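Here the structure is laid out as structure tokens; the discussion comes afterwards.
The values are calculated or read from the model by the stated rules, or taken from the named source; none is laboratory data. In this text the structure is predicted, and so the values were computed from the model without any measurement. Backbone-built Cβ (ideal geometry, glycine too); neighbour counts: all protein chains shown.
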Amino acid sequence: MFVVISLRERNMTDTNDDNSTLDELLQSLLDTDEAKLDEDGCLSHELPWGLVSHFRWNSNDRCLLVTIPVGQLNQDDLAARCLILLTFNHYAVSVAGGALGIDPQTNEVYLSRSFVVSATESQIGPSLGGLAGFLTASQAAAQIVSAVNATEFDNERGEVTVAGASLEELSQISAENDETEEEPQDLGDETIELFEEYLRLTAESLQQMGLSGAEPDEVNAYYLTDNDGLEAQIRFDPDFEEIVLTAMIDELEPELLLENAHQLLTQNLFVQGTDGCVIGTSEEEGFVTLTFNVPVEAVTPDATSLKNIISSFWNNARKWKSQLQSMSE
């Protein structure tokens with residue numbers, strides 16, 4: 001499962017064309033003529049705020065993987081720190097649909113997201129379908145890691161205290177960006193068009209899946225469930241103009257969730273163990289969640305593309321539900 005992007009008015013047929021076109025888009029996005037993929041399809045670029053972004057193009061999968069190291073977790077109370085990061089993965093909007101993952105060897109935390117380039121004519125321009133917002137979100141990710149490292153744990157009393165930035169302040173990073181409020185928003189004309197397209201695409205996709213009875217709620221989010229109790233939400237994020245899929249996979253006891261926090265965060269590393277999705281935890285309910293963001297324009301105009309994405313996401317969520325149940329045994 002990856003974000004799908006397309007290249008405007010270009011039908012790419014070979015690797016040289018791919019690299020040339022991606023170079024043009026990356027140069028425009030990063031505002032530098034020096035942004036060029038090397039012969040291995042790789043590029044490293046320092047962002048204005050000091051973090052280094054790494055791009056890797058895989059011509060076989062037509063996938064542009066973007067990773068940004070955002071800090072190293074302290075070794076002490078590592079599982080508890082991983083669990084906090086997982087709660088921020090639940091608010092995937094705060095990191096623009098990216099995944100916070102950890103390298104188990106070094107404890108280095110990476111923000112990652114995959115973008116798949118289709119060979120069809122473009123439906124998305126130089127924005128690379130959310131890449132600009134993803135790069136900007138790396139600043140928030142670095143702040144999150146820094147604040148989590150400042151957290152101190154009293155293991156005997158089960159209390160958490162924070163030196164420096166508080167986790168309550170840190171939570172505002174997510175709260176300010178989480179647009180699932182019940183209040184209606186004033187949207188620009190272009191965003192309104194994409195919102196209406198989201199409603200059309202989702203309705204047609206669900207109809208193709210035999211779920212024609214599904215209706216959006218008062219904030220235009222769709223809720224789906226299956227016979228095994230797996231629940232998922234489909235909603236529109238106006239800030240990034242994306243369709244957001246979120247599944248509540250399964251609930252784990254607090255001790256079990258803490259025990260497996262490091263393993264779950266490792267699965268998010270370079271989104272290799274999650275099929276491009278983001279694993280997080282809902283702190284209030286103790287649910288493990290799976291989230292995937294896709295730009296509306298990436299699945300326009302044919303609803304079949306979104307239907308395939310929803311089906312693939314659902315199968316991925318069912319796979320993870322089975323894995324979590326095995327952890328509970």
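If you go through region 247-267 and keep only what is in contact (Cβ under 8 Å) with a residue 60 or more places away in the chain, out of contact with any Lys or Arg (no Cβ under 7 Å at 6 or more places or on another chain) and of a type outside the set (D, E, K, R), you end up with ALA247, LEU252, LEU256, LEU257, LEU258, ASN260, ALA261, HIS262, LEU264, LEU265, THR266, GLN267.
Counting the residues of region 54-80 that are hydroxyl-bearing (Ser, Thr, Tyr) and part of a loop (DSSP other than H, G, I, E, B) gives 1. Of all residues in region 48-71 being over 20 Å from the mean Cα position of the chain (by Cα) and in contact (Cβ under 8 Å) with a residue 40 or more places away in the chain, which is surrounded by the most Cβ atoms within 10 Å (Cβ to Cβ)? This residue is SER59.
Residue count for region 204-223 satisfying the condition of being in contact with a strand residue (DSSP E or B) (Cβ under 9 Å, 6 or more places away or on another chain), over 18 Å from PHE240 (Cα atoms) and without any contact (Cβ under 8 Å) to a residue 40 or more places away in the chain: 7. With respect to PHE313, is the statement that it is under 22 Å from VAL109 (Cβ atoms) and outside any loop (DSSP other than H, G, I, E, B) true? Answer is no for this residue.
Among the residues of region 291-317, just one is of a type in the set (D, E, K, R) and either touching a strand residue (DSSP E or B) at 6+ places or on another chain (Cβ under 6 Å) or loosely packed, with under 15 Cβ neighbours inside 10 Å (or both), namely ASP302. Just so you know, in region 22-40 the residues that are within 17 Å of PHE115 (Cα to Cα) and touching a His at 6+ places or on another chain (Cβ under 9 Å) include one that is surrounded by the most Cβ atoms within 10 Å (Cβ to Cβ), and it is LEU26. Mind checking whether some residue in region 106-114 is in contact with a strand residue (DSSP E or B) (Cβ under 8 Å, 6 or more places away or on another chain), at pLDDT below 90 and of a type in the set (Asp, Glu)? No; the residues of region 106-114 include none that is in contact with a strand residue (DSSP E or B) (Cβ under 8 Å, 6 or more places away or on another chain), at pLDDT below 90 and of a type in the set (Asp, Glu). Being within 30 Å of SER305 (Cβ to Cβ), at pLDDT below 80 and in a loop (DSSP other than H, G, I, E, B) is the requirement here; does LEU37 meet it? For LEU37, the condition - within 30 Å of SER305 (Cβ to Cβ), at pLDDT below 80 and in a loop (DSSP other than H, G, I, E, B) - is not met.
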